[in-house]
Amino acid sequence: MIVDVVVPYRVNQSFHYKLDQTIAPNIGEGSVVEVSLGSKKTHAFVIGLQDSSDVPDEKLKSISKILQEEPVFSQNMLKFLRWTSDYYCHPLGEVFDAAIPRQLLKPKKEKTRKKANVTSDFSFLPRGKVDKPILTEEQDRAVSEILSPTENRPFLLHGITGSGKTEVYLQVLEALLSQGKGGIILVPEIALTPQLLGRFSARFPGKVAILHSDLTPSQRSSQWEKVFSGEAQIVVGARSAVFAPVKNLGLIVVDEEQEASFKQEDSLRYHARDLAVVRGSIEKAKVILGSATPSLESFSNAQNGRYCYLELKKRINQRPLPKTTFVDIKNPSEWFQSQTPWLSRKLVEKIDGVLQNGQQAILYLNRLGFAHFLFCKDCGHTYRCKNCDVALTYYQNPAKLKCHYCGDQRAVPLQCEACQGVNLDSIGLGTEQVEKKLRRIFPKARISRMDRGAIKGRKELEAVLQEIAEKKVDIIIGTQMVAKGHDFPGIALVGILLADASLNIPDFRANERTFQVITQVSGRAGRAEDPGEVIIQSLNPNHPVLQWAANNKTLEFYSTELNSRKLFLFPPFQRTALLRFQHTDARTVQKYAELIAQFTRSESQRAGLSCQVLGPSEAPISKVKRLYRWQCLVKAPSVKELQQVLRKIHAFDGQAKSPVKLAVDVDPLNSL
């Protein structure tokens, strides 16, 4: 018998191997075997069985070992994974490999298995059932529509912050579980949403498995096996959980569907939200995309009827949205002190009032460290990363200069490396600096930071969240970590320090991302009886994006932004793919990028396609990890045309055998 397999490497072909069928009579599509590939052995995935091969018999190797005779993928999953490979132009073997824990493919030892069971206890999850709240009229209508057997489209659940989207997920899932079905709940970053995880495990004790990158290999393998065996019917996880082997899948929820963290930025560059929609269609499962600020792509799909649009316009218990006030920090008279133009008198006064009332405040700034960079005031020299084309971020506690792209660190110098001067200073603002200043202004306040500099892992985050929930923290300073899904009734004030900073990023999604984060952060305020307040500090307080976000003018923003996207032919009105080129030599990568761009233009024209190629050009960050970077954007009016031209590029690149690494990013979210 001939077994057709794919291997977990960057190769776009399958391989034939011999197997005596009596050794593994139940082998089939989705089984896992070990094979010799060149001089090394590797696991491989079976994609077919046949009686003969076009490879001469004397050149055919035999399969070395059967690792998993029972197929690890169902027929629906195989169809789903093949679709993923085709759409993202990625080798099928690597797609299969991304969908299964590597630990499962190793020989099992009793000792290892016991360890996995112990470390997979997840004692931080709440135990025992909780009371089911009564739904509002809007929630009840949404649950009914989602469960309707006649509606098979994905659902866009557009609910303002605090409107109870999570309870809709819970009650839909409960109804489907009673029918013997399972569910997948995707969250942007599992480490940032322990509250959501807690609510599902409390409502459905013993039925929830967890899949995310913070698990050890043994934990991940153990949780995957719980799902594969049917012991766990529900999976809560980050983007990779979209591949979870849930039996009789009935529901996929993508919470905060607009979040960029659902997009994988290396290797298999998939978007979990889009894959959730595809998998739901294949499995005939309900799909809910939930958000207070939907992506323009999802909102457009709802407008044109591809998605069923459901809206939650009111907060639970009729709680009002927080009052929003702008502060123009161009005006020095608004500053708290002349040395702190980023901190207004009004915000300091409001924080003081909140502290006097025993309430809590959040200050949002999406910038790590103490300052943007360190420089010499004598000669102007700045400290930059030796591996990347970026300045090193200055940290004070502990003192260091750090690159956020390659992780390189160095000690803070005492004198300038260029002129030997000692007059060094920093420019810019980071969360460390905000914390230091507020500790001086409010010495008795209990202050915590929520950012990647202060919180390294899940346990540290849970400890901080617990302290906030128990009101052992008065002021929380954070990056986007504070905006994602947290529900703290004690938060009475949100201060947004540099609201318009993200509007100036060179990306056509800058307006959308700014609107989303302002709305999301603002929504942390006023979740109890007090309506709460939001102070937005800005250099341009009249900017329409900021005004729309502050006044909850969602439809006005979407209408204007969609018109702009349509005018300039950007998604959702065109399909795009970003071609990324990397090499250690700047000239080599430039020449190959120009060659591919010219090939793409000529092939598109020859085939009568309406594709447009922008570039190539140096990437905005031109060097990362010692690799020089160029890129070009391919735009097409349809998926079909884009896929057609990408296949031509892929074939040309394979024949060229260039030392330049070419990565194809379909539906890119990051253009830096």
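Tabulated results
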{"quantity": "The range 495-567-the range 305-348 distance, computed between alpha-carbon centres (Å)", "calculated": "9"}
{"quantity": "Percent accessible area from carbon and sulfur atoms, the range 206-347, protein chains only, probe 1.4 Å", "calculated": "47"}
{"quantity": "Accessible area of the range 624-672 belonging to carbon and sulfur atoms, whole % at 1.4 Å probe", "calculated": "55"}
{"quantity": "Local electrostatic count at Val254 - Lys and Arg +1, Asp and Glu -1, tallied over other residues with Cβ under 10 Å", "calculated": "-3"}
{"quantity": "Carbon and sulfur %, accessible surface of the range 376-442 computed with the full protein complex present, 1.4 Å", "calculated": "45"}
{"quantity": "Model label zone, Asn152; criterion: amide N under 17 Å from point 7 Å along Cα-to-beta-carbon; scope the range 634-666", "calculated": "none"}
{"quantity": "Fraction of antiparallel bridges per DSSP, the chain only, in percent to nearest 5", "calculated": "50"}
{"quantity": "Partnerless Cys - the chain, beta-carbon criterion under 4.7 Å", "calculated": "Cys89, Cys308, Cys406, Cys611, Cys632"}
{"quantity": "Above-threshold pairs, the threshold being 18 Å between Cα atoms, out of Lys444/Lys472; Lys207/Lys247; Lys165/Lys314; Lys323/Lys471", "calculated": "Lys323/Lys471"}
{"quantity": "Accessible solvent surface per residue of the chain, calculated while the other protein chains remain in place, 1.4 angstrom probe, Å²", "calculated": "45"}
{"quantity": "For the chain, size of Cβ-based charge dipole, Lys and Arg +1, Asp and Glu -1, in debye", "calculated": "1100"}
{"quantity": "For the range 188-329: Kirkwood Rh in Å [reciprocal of mean 1/r, alpha carbons]", "calculated": "17.0"}
{"quantity": "Kirkwood Rh in Å, taken over all unlike Cα pairs in the range 1-82", "calculated": "12.9"}
{"quantity": "D_trans [Stokes-Einstein, Kirkwood Rh over alpha-carbon pairs] for the chain, 4 °C, 1.567 mPa s, µm² s⁻¹", "calculated": "47"}
{"quantity": "Computed accessible area, Met1, all protein chains, 1.4 angstrom probe, square angstrom", "calculated": "60"}
{"quantity": "Protection proxy ranking of 314-324, 627-637, 270-280 - average other beta-carbon atoms within 10 Å, highest first", "calculated": "270-280, 627-637, 314-324"}
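The values are calculated or read from the model by the stated rules, or taken from the named source; none is laboratory data. For clarity, every value in this text was computed on a predicted model and none was experimentally measured. Ideal geometry is used to build each Cβ from the backbone, glycine not excepted, and the neighbour counts take in all protein chains shown. Heads up: the accessible areas ignore ligands, DNA and RNA and are worked out on the full protein's heavy atoms, side chains in. Shrake-Rupley method; radii C 1.70, N 1.55, O 1.52, S 1.80 Å.
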